[in-house]
Amino acid sequence: MRYLPLTPSDRVEMLAKVGAGSIDDLFIDVPDVAQHEGPIAGLPLHASEMAVERHMTKLSRQNLSAAEVPFFLGAGAYRHHVPASVDHLIQRGEFLTAYTPYQPEIAQGTLQMLFEFQTQVARLFGCDVANASMYDGSTACWEAISMARRVTKKARAVLSNGLHPHYVSVAQTMARFTGDALVSDVPDLSAEADTDRVIAAIDDKTSCVVVQYPDILGRIPDLRPIADAAHAKGALLIAVVTEPVALGLIRSPGELGADIVVGEGQSLGVGLQFGGPYLGLFACKEKFVRQMPGRLCGETVDAEGKRGFVLTLSTREQHIRREKATSNICTNSGLCALAFNIHLTLLGGGGLAKLAKLNHARAIAAATRLAQVPGVRLINSNFFNEFTLELPKEARPVIRLLADREILGGVSLGRLYPGNDQLGQGLVVAVTETVSDEDIEAFAAALQEVLA
Amino acid sequence: MTTINQSGWRPEMGERCSDNVSTFTGNRALMLEEPLLFEIGRIDATGVDLPDTDMDDNRLGGLMRASPVDLPGLSEPETVRHYTRLSRQNYAIDLGLFPLGSCTMKHNPRLNEKMARLPGFADLHPLQPVQTTQGALAVIHELAEWLKTLTGMAAVAMSPKAGAHGELCGLLAIRAAHDAAGSDRSVILVPESAHGTNPATAAFCGYKVENIPATAEGRVDLAALMTRLGPDVAGVMITNPNTCGLFERDMKKISDAVHNAGGYVYCDGANFNAIVGRVRPGDLGIDAMHINLHKTFSTPHGGGGPGSGPVVLSAALAPFAPLPFVEKQGDHFVLIEEETAEDHHAETFGRMVAFHGQMGMFTRALTYILSHGADGLRQVAEDAVLNANYVLRSLDDVLVAPFGASGPCMHEALFSDDGFAEGFSTIDLAKGLIDEGYHPMTVYFPLVVHGAMLMEPTETESKAALDQYIGAVRSLAERARVGDPALKAAPIFAPRRRLDETLAARKPVLNWQPPVDAMAAE
């Protein structure tokens, strides 16, 4: 067996050393009811590398991958070009096969990378501090709502209707058990985000307001009036960013008054990967740092006075505080954070701005062209690289017909909000730098054909 | 003829220089210091070629930023060098034995990486129409079938993102099951040797946490547990094999007692590697157990994640499993999400993550499982347990093994620092191991053992590798017992000496700030 170095004679020698007659002697504490003789029944036996590769490759070919076709999906996961050096570097064994940096003397590579990552995220979000990452955007969003409860000692969260419906679902799942009250609603197909409704919903019992920026329909809400209204009632503003590339071109949530900014970092370096692993981003004002969940990397010195980095403020965490911890989280998305860190280093602030401008220009071109398809209406008055169209018929079957024509034409609101008749004709279209003029033309032509 | 050794050094010439010589750069040959990105990057440097785009027309709703984000960039060669240099300051399983107890640092096969990067898996959007993702759903389904069969359980929730997230999933299912039965039980019992995530998770779900004591031999005290069971106990969380490295002999009796008292049994599956392919937790009456794919099934730890923590569930808890999940209907695979849940899965406790879980980890884990097969996985468990017992019995004369008389260990060998000289503790032996070229074992966990040292060699290590490691630990144990002051200074040869963790926590510096004199000059 290619992954197992012990030879049969090694095993005999080692069993003798430990005083066991056979390997079964080492499993004597397992109750008889759970003892199995030989391999567990009903499962195949070991296979060669070539055989496994053949099987997996066959399955992979039963998917239509994004690179093969004109591709316009977003809604929380975005397809960007990832420079080749990113994947090369994250596959270095010293990064790939290291553990959590609990022994800092021999983990400075991971720790310094995390310190750089935290600095990048804090600057991108316009916040004082960022942590070393969370599971993904949706879980980071719930952790932020929990953190706002700890900070404000109140438990009523007002969610904008532009918050990704899966993020809302995750929060609802948890709130059912923690007792937090969530005020939420589904969006309507209007040009502007629901800022007035959100402000009206804030009261003295409100712990936080959660606003996605840009939102699920691609609209860009001005966070400043919401921040002011929240702060006036002693509530925190949590901004949620699912497309961090947008921040290369629009103002940061921290600058607009957000107290906590969370997000999904997948669009830089990580890739689509059918939904995971992704990268939860989490940043906040410095005064809240001791209520922050997740790992934190901090600077210090070693015994010779040299600068070095360690995991710090662990008195917030479960391995010290157990049931009194700020969160049960015990991991981050280390390797995805590294990919994000490298991609952002390759871009730099100037490159990120160029990438964002390119995305916005492609999106304007696509929105303009698609709105010319008979019966199609552009909902948004503002957007970054994603916008919503209203089709003259239900969008979901249209998407399937487009897929039959080898066009992946966006995410139907019917999929995101099943059973909602008002939204069924909505289609969310994302347009990144990977989309060509030919792709836009092919999409528009196919859409016209399918709608005819 | 070319002269390879142009400097002409010959052994009889002796040492050329001493260790005390400093270099201009601070580097020591292949030991290279590397500044922070923020100290070497420039705002206008970039490693990506992108066109300039005219922004006369924008639709940004008046929120366009005035200037680029203050993020320094690097060209591609500088980037490759920066991260390559950083990588060399890390220890990794690719470099050597990594005996971190309960963390299962086993070899990460490169076929896994290759398969996860096939465009048909890696370049797939989670919300594509399911007609275009049948192969990806087939992977999830195939892995799910393996996990159910290997554990003897009725169902599996694939979406949890890591072990602790899996614990959350299991406890939410338990809570949902009690809610559905109209019961408001409020207490979860957790052994005092449990990993910190267990009590944290129970509290995160709104439960009160109470400790279960252990017996002198390092196992759950069944009698004490049975005394505590009652109408307020929602369930227990048991780690098996446990964090002392022992199999819970009474597991079936524990499960039966908990069930008789109306509770559920959560098993922390962090240590499943010791029994995979040999023991099915379902046979022991478990109701829910997470499986760390990054432990047992060899997906890379990546310097602290991403993990993946699918949760197998008993028939009693299966109806409450989270959305989404994959179902095979005839020849097709469908995703059961919110809209279809009502017909199929009305009692679900809801959604835990935005999409379908850690697909990139599923492809790796399935690749590993198919490589080993049912016979190879059984051999994995057997070799892991044999290696751990070999370490235990090769060291128990120089280190105290508090549960050495409690029977064979499973996947890991536990020692205490009893017998070390005054002022010497586990940390000193651990740091000494760094100088010997090893990652230290897990230290000071479990909390029930003084100065705990938890060593998990895994099945990845050859006998020769174990023998060398054992030799190193024996030598260090002797030094700790006699109180060799030089051990206090370890590590000497690592990229950094011992770091001041107190300073880091007292005055947290969590991101880079420009030097004060540079700011003053502006």
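With respect to being more than 12 Å from chain A (Cβ to nearest Cβ) and more than 21 Å from the chain's Cα centre (by Cα), residue B:319 fits the description. Remark: pairs (first residue in segment B:102-116, free of Cβ contacts under 8 Å to residues at least 12 places away in the same chain; second residue acidic (Asp, Glu); Cβ separation under 8 Å; 6+ apart in sequence or on different chains) = B:114/A:53.
Restricting segment A:301-319 to residues that are more than 7 Å from chain B (Cβ to nearest Cβ) and outside any strand (DSSP E or B), the residue that is nearest to residue A:109 (Cα to Cα) is A:305.
Considering (1) within 12 Å of chain A (Cβ to nearest Cβ); (2) over 23 Å from the mean Cα position of the chain (by Cα), the lone condition that residue B:422 does not fulfil carries the number (1).
Among the residues of segment B:300-316, what is the count of those that are part of a loop (DSSP other than H, G, I, E, B) and either more than 13 Å from every other protein chain (Cβ to nearest Cβ) or free of Cβ contacts under 8 Å to residues at least 60 places away in the same chain (or both)?
5
Just one of the listed residues (A:271, A:298) is at the interface with chain B (Cβ under 9 Å from one of its Cβ atoms) and assigned to a strand (DSSP E or B), and it is A:298. Residue count for segment B:445-468 under the criterion of being more than 10 Å from chain A (Cβ to nearest Cβ) and within 22 Å of the chain's Cα centre (by Cα): the result is 11.
Condition check ((1) of a type outside the set (Ser, Thr, Tyr); (2) crowded, with 23+ Cβ neighbours inside 10 Å; (3) in a loop (DSSP other than H, G, I, E, B); (4) not assigned by TED's automatic domain parsing to the domain that holds residue A:242) across all residues:
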{"residue": "A:157", "(1), (2), (3), (4)": "yes, yes, no, no"}
{"residue": "A:162", "(1), (2), (3), (4)": "yes, yes, yes, no"}
{"residue": "A:171", "(1), (2), (3), (4)": "yes, yes, no, no"}
{"residue": "A:175", "(1), (2), (3), (4)": "yes, no, no, no"}
{"residue": "A:185", "(1), (2), (3), (4)": "yes, no, yes, no"}
{"residue": "A:188", "(1), (2), (3), (4)": "yes, no, yes, no"}
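Cβ separations smaller than 9 Å between residues 6+ apart or across chains give the following pairs from segment A:98-117 residues that are more than 7 Å from every other protein chain (Cβ to nearest Cβ) to residues that are of a type in the set (Ser, Thr, Tyr): A:102/B:442; A:114/A:133; A:117/A:133. The set of residues in segment A:139-164 being out of contact with any Pro (no Cβ under 9 Å at 6 or more places or on another chain), farther than 11 Å from residue A:210 by Cβ and in contact (Cβ under 8 Å) with a residue 60 or more places away in the chain consists of A:139, A:150, A:151, A:152, A:154.
Among what's in segment B:257-290 and is in contact with a Leu (Cβ under 6 Å, 6 or more places away or on another chain) and under 23 Å from residue B:459 (Cβ atoms), pick the residue that is farthest from the other protein chains (Cβ to nearest Cβ). Looking at the filtered set, the residue picked out is B:276. Applying the condition of being within 16 Å of residue B:140 (Cβ to Cβ) and at pLDDT 90 or above to segment B:333-350 and asking which residue is farthest from the other protein chains (Cβ to nearest Cβ) yields B:334. Among all residues of segment A:121-132, there is at least one that is under 26 Å from residue B:356 (Cα atoms), polar (S, T, N, Q) and at pLDDT 95 or above.
Checking the conditions here, which among A:348, A:271, A:257 is at positive phi and out of contact with any strand residue (DSSP E or B) (no Cβ under 9 Å at 6 or more places or on another chain)?
On the way: A:348 fails: out of contact with any strand residue (DSSP E or B) (no Cβ under 9 Å at 6 or more places or on another chain); A:257 fails: out of contact with any strand residue (DSSP E or B) (no Cβ under 9 Å at 6 or more places or on another chain).
Just one listed residue meets the conditions, A:271.
Among residues of segment A:16-53 being among the charged types (D, E, K, R) and surrounded by 12 or more Cβ atoms within 10 Å (Cβ to Cβ), the one that is farthest from the chain's Cα centre (by Cα) is A:17.
Selection of segment A:381-423 for residues being touching a strand residue (DSSP E or B) at 6+ places or on another chain (Cβ under 8 Å), surrounded by fewer than 24 Cβ atoms within 10 Å (Cβ to Cβ) and among the β-branched types (Val, Ile, Thr) yields only A:398.
Quick test for you: out of A:296, A:313, pick the one residue that is touching a Pro at 6+ places or on another chain (Cβ under 8 Å) and surrounded by fewer than 24 Cβ atoms within 10 Å (Cβ to Cβ). Talk me through it step by step, then tell me what you get.
Working: A:296 fails: surrounded by fewer than 24 Cβ atoms within 10 Å (Cβ to Cβ).
Unique residue meeting the criteria: A:313.
Taking (1) over 15 Å from the mean Cα position of the chain (by Cα); (2) modelled with pLDDT of 95 or more in turn, residue A:144 satisfies each apart from (1).
Figure legend. Inter-residue proximity from segment A:342-353: first residues more than 7 Å from every other protein chain (Cβ to nearest Cβ), second residues surrounded by 24 or more Cβ atoms within 10 Å (Cβ to Cβ), beta-carbon distance below 8 Å, spacing 6+ or different chains. Indicated pairs: A:343/A:86; A:343/A:268; A:343/A:269.
The values are calculated or read from the model by the stated rules, or taken from the named source; none is laboratory data. Quantities reported herein were computed from a predicted structural model and do not represent experimental measurements. Every residue, glycine among them, receives a Cβ derived from its backbone with ideal geometry; neighbour counts consider all protein chains shown.
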